[in-house]
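Peer 1: One structure follows; several queries about it will come next.
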Amino acid sequence: MKLDRDMALELVKAKLKKERFEHTIRVTDTAVKLAEMYGADVEKAERAAILHDYAKYRNREEMKRWIKSDPRLPKDLLHYHHELWHGPVGAVILEKEAGLDDAEVAGAIACHTTGKANMNVLDKVIFLADYIEPGRKFPGIDEVRGTAKEDLDKACLQAAHNTIFFLMSKGQKVYPDTLHNYNHLINIITHK
Ligand code: DGI
Ligand code: FE
Ligand code: FE
């Protein structure tokens with residue numbers, strides 16, 4: 001079974017609350033624009049954006065079971081905030097439950113919350129679209145939106161920086177991939 005655009009929309013509409021579905025549509029519009037600007041596969045960006053929060057409202061115990069049982073899911077997730085689980089778990093259950101058979105789309109969904117070192121252009125588009133979609137009101141967001149028009153790496157770096165800053169200000173743990181993403185983007189930008 002191939003998961004086409006309309007099927008993907010139906011699928012998430014059934015799983016998400018109204019506001020979350022509206023966020024998903026805004027992320028999708030933003031991701032398509034970014035993909036066109038930065039040369040990512042537009043259809044894959046659209047599909048990944050539609051599906052990125054598919055597992056957002058999954059039962060926490062169920063997600064825990066997936067993390068424990070699926071060899072592809074990093075076990076260290078269990079030691080970090082459950083908010084981080086819906087991306088990696090979503091990627092796996094979309095393959096098992098919904099016939100998603102595109103590793104690049106699944107990969108972008110998996111890392112959309114934290115980022116990771118060495119993201120490809122599709123990963124970056126989804127990571128950034130989720131951060132800058134027009135409904136977001138984070139501190140410093142307008143600067144990131146401006147940068148997103150000029151430099152994808154720099155905009156991702158600003159988003160990662162802001163998220164780490166926010167987590168530290170609240171005394172929260174930072175997941176290693178969140179830091180790996182930040183460090184990797186610093187390297188890219190200093191060598192440009
Ligand atoms: O699912 P969304 O709400 O659309 O957005 P998201 O998937 O980016 O999740 C957002 C939350 O994830 C936000 O509250 C910040 C948080 N987050 C991102 N990186 C980390 C993190 N939380 C912790 N505890 N650690 C991280 O490294
Ligand atoms: Fe998310
Ligand atoms: Fe999201």
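Peer 1: Could you grab me the full set of residues in region 157-192 that are farther than 18 Å from Ala108 by Cβ, of a type in the set (D, E, K, R) and surrounded by 12 or more Cβ atoms within 10 Å (Cβ to Cβ)?
Peer 2: Of everything in region 157-192, just one residue is farther than 18 Å from Ala108 by Cβ, of a type in the set (D, E, K, R) and surrounded by 12 or more Cβ atoms within 10 Å (Cβ to Cβ), namely Lys173.
Peer 1: Cβ contacts < 6 Å: first residue open to solvent by 40 Å² or more (accessible area, probe 1.4 Å), restricted to region 20-45; second residue among the small types (Gly, Ala, Ser), any location; separation 6+ or different chain. Result?
Peer 2: Arg26/Gly135; Val42/Ala35
Peer 1: If the requirement is being polar (S, T, N, Q) and in contact (Cβ under 8 Å) with a residue 60 or more places away in the chain, which of these qualifies: Asn162, Asn183? Spell out the reasoning first.
Peer 2: Working: Asn162 fails: in contact (Cβ under 8 Å) with a residue 60 or more places away in the chain.
Result of the check over Asn162, Asn183: Asn183.
Peer 1: Might you check whether a residue that is under 17 Å from Glu83 (Cα atoms), touching a Ser or Thr at 6+ places or on another chain (Cβ under 8 Å) and either within 16 Å of ligand 2 (Cβ to nearest atom) or not acidic (Asp, Glu) (or both) occurs anywhere in region 22-43? So that I can check it myself, show each step before the final result.
Peer 2: Taking region 22-43 first, the residues under 17 Å from Glu83 (Cα atoms) are 23-24.
Those still in the list that are touching a Ser or Thr at 6+ places or on another chain (Cβ under 8 Å) too: none.
Checked region 22-43: no residue is under 17 Å from Glu83 (Cα atoms), touching a Ser or Thr at 6+ places or on another chain (Cβ under 8 Å) and either within 16 Å of ligand 2 (Cβ to nearest atom) or not acidic (Asp, Glu) (or both).
Peer 1: If you go through region 42-55 one residue at a time, do you hit one that is more than 16 Å from ligand 3 (Cβ to nearest atom), closer than 19 Å to Ala98 by Cβ and more than 14 Å from the chain's Cα centre (by Cα)?
Peer 2: Pass one, region 42-55, residues more than 16 Å from ligand 3 (Cβ to nearest atom): 42-44.
Remaining after also requiring closer than 19 Å to Ala98 by Cβ: 43-44.
Applying the additional criterion that residues be more than 14 Å from the chain's Cα centre (by Cα) yields 43.
Yes, because at least one residue in region 42-55 is more than 16 Å from ligand 3 (Cβ to nearest atom), closer than 19 Å to Ala98 by Cβ and more than 14 Å from the chain's Cα centre (by Cα).
Peer 1: Using the structure shown, decide if Leu34 is modelled with pLDDT of 95 or more, under 18 Å from the mean Cα position of the chain (by Cα), more than 14 Å from ligand 1 (Cβ to nearest atom) and within 17 Å of Thr114 (Cβ to Cβ).
Peer 2: Working: modelled with pLDDT of 95 or more: yes; under 18 Å from the mean Cα position of the chain (by Cα): yes; more than 14 Å from ligand 1 (Cβ to nearest atom): yes; within 17 Å of Thr114 (Cβ to Cβ): no.
Answer is no for this residue.
Peer 1: Just a yes or no: is a residue in region 61-76 in contact (Cβ under 8 Å) with a residue 60 or more places away in the chain, under 14 Å from the mean Cα position of the chain (by Cα) and assigned to a helix (DSSP H, G or I)?
Peer 2: Start the filter on region 61-76 by keeping residues that are in contact (Cβ under 8 Å) with a residue 60 or more places away in the chain, which leaves 76.
With under 14 Å from the mean Cα position of the chain (by Cα) added as a condition, the list becomes none.
No: zero hits.
The values are calculated or read from the model by the stated rules, or taken from the named source; none is laboratory data. Worth saying up front: this structure is predicted, and the values here are computed from it rather than measured. Neighbour counts run over all protein chains shown; Cβ positions are idealised from the backbone, glycine included. Accessible surface is based on the protein model in full, side chains and every heavy atom, while ligands, DNA and RNA are left aside. Shrake-Rupley method; radii C 1.70, N 1.55, O 1.52, S 1.80 Å.
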